[in-house]
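The values are calculated or read from the model by the stated rules, or taken from the named source; none is laboratory data. As the structure is a computational prediction, the values presented were derived from the model and not from experiment. Don't worry about glycine lacking a Cβ; one is built from the backbone with ideal geometry, like all the others, and counts go over all protein chains shown. With ligands, DNA and RNA removed, areas are computed over all heavy atoms of the protein, side chains included. Shrake-Rupley method; radii C 1.70, N 1.55, O 1.52, S 1.80 Å.
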Amino acid sequence: MADSTTCLLRMEHISKNFRSVRALDDVSFSVRGGSVHALCGENGAGKSTLMKVLSGVHTPDGGKIYIDGEEKIFRTPADALRAGIAMLYQELELSDNLSVFENVFLGSEILASKISRKVDFAAEREIVGRMIKANHFRLDPDALVSELSPGQCQIVELLKALRRHARIIVMDEPTASLSESEAAELFRIIRDLRDAGTGVIYISHHLQEVKEIADDISVLRDGKIICSKAAADISIDEIVRHMVGREVGDFYPARKAAITGDGFEVENLSADNGVRNVSFQVRRGEIVGMAGLVGAGRSETADAIFGIVPKSSGVLKFDGETLDIPSPRSAIRQGIGYLTEDRKRSGLCLMLPSSWNITLPSFRKLKMRFRLALKKERDTVRQIGEKLNLKWASPDDAVETLSGGNQQKVLLGRWLLADSKVLIVDEPARGIDVGAKKEIYLLLDDLAKRGKAILFISSELPELFGVCDRILVMREGSIVGDFPTKDVTPEKIIRLAATGKID
């Protein structure tokens, strides 16, 4: 690691307490100018708290921050911005109904006249256009943000940081919703920023990409820096060991599928969202993966099954009996659960208690259709929490206060309580740490052993091969392949998904 004379940023002996919880314990962390420093750790390790101290959201209880060797005190986020620190959060802070250039200048508009207070849109458009051209971004300054891809939205956030002359840019899970090509473009941009002298702090649970993009790597655990090394001097296994404080062992559970009965069948399913004549089967006790490139129709198929999008044709069956599913409510009543790709937008009610998020679909089962039975609900939720090893201060706390992995467990707990016969999980391990991922895989394996039929949608081929008994391949809204996992290779899956041909 660089010594203090070459450091752009130094955070020394930072501590932060929240009531009786010590979130940061004597943390020292540094970033060299012209480098990418990855910050790794499980959810709850202290990464977000440390970055919120850096960005002026939290005031530390102890410690100092230095930029170019000069001590800085950040009482507000505006103080950090003025010092050249920009945060790119996982949930992007953009206005969908405004254009690219309007978002870049939002809150600090150029005025044509101080008297009239009119915004000089032409000047803003010209400046953003020059920035786009200078950085070789593929973006139209006049495009509405609502029309952009996730990768392009990331570029808008970067433009906001660059316009403020940010010298330190913090990126929190920047590839979580990006395709492979968009992630590759983002990495190009990050390397250009690094080569221009910017210090980039990169937070990600994808350790392979951390090794690819980072110059230095630090690992946080329980509010303490456990390890800081040059990326070339630390392996992924060592990173994982430092993150969890133990040997993880085999990452994926050994599958011993006890397949019984017909299970769940989809016959010639089509819908207006691009799903075309999809047919497949997931038997009881089986975990069936669904692979495909971005836009192949995987999530769209799940939406059509669950009744979010009306199907135009097709038949759904369970154990040979036809299911009538015109809506999500009917899907739930007929034993289908759906853990959606975006837990925060379409899965959880973030401001409601964790307990309510678990019990919402099961009021009929808990005999709470007309009157709440709060003690019964609380006792039931606590039992679910124990089964899933949920880490919460109280089931009554808002679910938004939980880590990503625990939020996923809340959603699994929802369908566990509902006793769903069929469970569709879409990117269930996205954006959560390695320890929580393993727990999710074990939970799904246990559910399969109990006779549930599980459809597992993922963009991660190692995950599909590690978890699933069979893998379906989707392309352009249709199933183009169905293979036992042991009889196919990742290369064949990719080739089929990209070209429609396996050879």
Task: Filtered residues of segment 466-500 (kept if closer than 19 Å to Gln281 by Cα and free of Cβ contacts under 8 Å to residues at least 40 places away in the same chain) - done: Val480, Gly481, Phe483, Pro484, Lys486, Asp487, Val488
Open item on the list: Just to check your reading of the model, which residue among Ile236, Ile189, Ile226 is open to solvent by less than 10 Å² (accessible area, probe 1.4 Å) and of a type outside the set (Asp, Glu)?
Closed with: Ile189
TODO: Please find, within segment 21-44, the residue that is farthest from Ile217 (Cα to Cα) out of those that are out of contact with any helix residue (DSSP H, G or I) (no Cβ under 8 Å at 6 or more places or on another chain) and either hydrophobic (A, V, I, L, M, F, W, C) or in a strand (DSSP E or B) (or both).
DONE: Val21
TODO: List the number of the failed condition for Arg378; all other conditions in (1) among the basic types (Lys, Arg); (2) within 20 Å of the chain's Cα centre (by Cα); (3) over 29 Å from Phe264 (Cβ atoms) hold.
DONE: (2)
Task: Qualifying positions in segment 195-218 - under 19 Å from Asn135 (Cα atoms) and open to solvent by 50 Å² or more (accessible area, probe 1.4 Å) - done: Asp195, Ala196
- [ ] Please state which of the following conditions Lys311 fails to meet, knowing it meets all the rest: (1) open to solvent by 50 Å² or more (accessible area, probe 1.4 Å); (2) within 13 Å of Leu472 (Cβ to Cβ); (3) of a type in the set (Lys, Arg).
- [x] (2)
Task: Any hit, segment 407-425, residues being closer than 15 Å to Asn357 by Cβ, free of Cβ contacts under 8 Å to residues at least 40 places away in the same chain and among the hydrophobic types (A, V, I, L, M, F, W, C) - done: yes
Task: Subset of segment 91-137 (residues that are surrounded by fewer than 16 Cβ atoms within 10 Å (Cβ to Cβ) and part of a strand (DSSP E or B)) - done: Leu111, Val119
Task: Those residues of segment 24-50 which are open to solvent by 20 Å² or more (accessible area, probe 1.4 Å), out of contact with any Leu (no Cβ under 7 Å at 6 or more places or on another chain) and among the hydroxyl-bearing types (Ser, Thr, Tyr), in sequence order - done: Ser28, Ser48
Task: Per-region count, segment 17-58, residues free of Cβ contacts under 8 Å to residues at least 24 places away in the same chain, of a type in the set (Val, Ile, Thr) and more than 19 Å from Tyr89 (Cβ to Cβ) - done: 1
Task: Residues within segment 455-488 that are of a type in the set (Asp, Glu) and closer than 21 Å to Gln208 by Cβ, tallied - done: 2
Task: Tabulated pairs, segment 61-78, first of a type in the set (S, T, N, Q), second in a loop (DSSP other than H, G, I, E, B), C-beta under 6 angstrom, 6+ apart or interchain - done: Thr76/Gly56
Open item on the list: Can you tell me which condition Ala304 does not meet? The list is (1) open to solvent by 50 Å² or more (accessible area, probe 1.4 Å); (2) of a type in the set (Gly, Ala, Ser); (3) at pLDDT 95 or above, and all the others hold.
Closed with: (1)
Open item on the list: Just the residues that are within 15 Å of the chain's Cα centre (by Cα) and not small (Gly, Ala, Ser), please, taken from segment 135-179.
Closed with: Pro150, Gln154, Met171, Asp172, Glu173, Pro174, Thr175, Leu178
Task: Residue within segment 31-50 that is among the small types (Gly, Ala, Ser), within 23 Å of His242 (Cα to Cα) and at pLDDT 95 or above present - done: yes
TODO: Please verify whether segment 439-448 includes one or more residues that are without any contact (Cβ under 8 Å) to a residue 24 or more places away in the chain and either among the polar types (S, T, N, Q) or within 28 Å of Arg283 (Cβ to Cβ) (or both).
DONE: yes
TODO: Evaluate segment 8-23: report whether one residue or more is open to solvent by 70 Å² or more (accessible area, probe 1.4 Å) and polar (S, T, N, Q).
DONE: yes
- [ ] Working only within segment 217-267, note down all residues that are part of a helix (DSSP H, G or I) and within 22 Å of Glu439 (Cβ to Cβ).
- [x] Ile236, Asp237, Glu238, Ile239, Val240, Arg241, His242, Met243, Val244
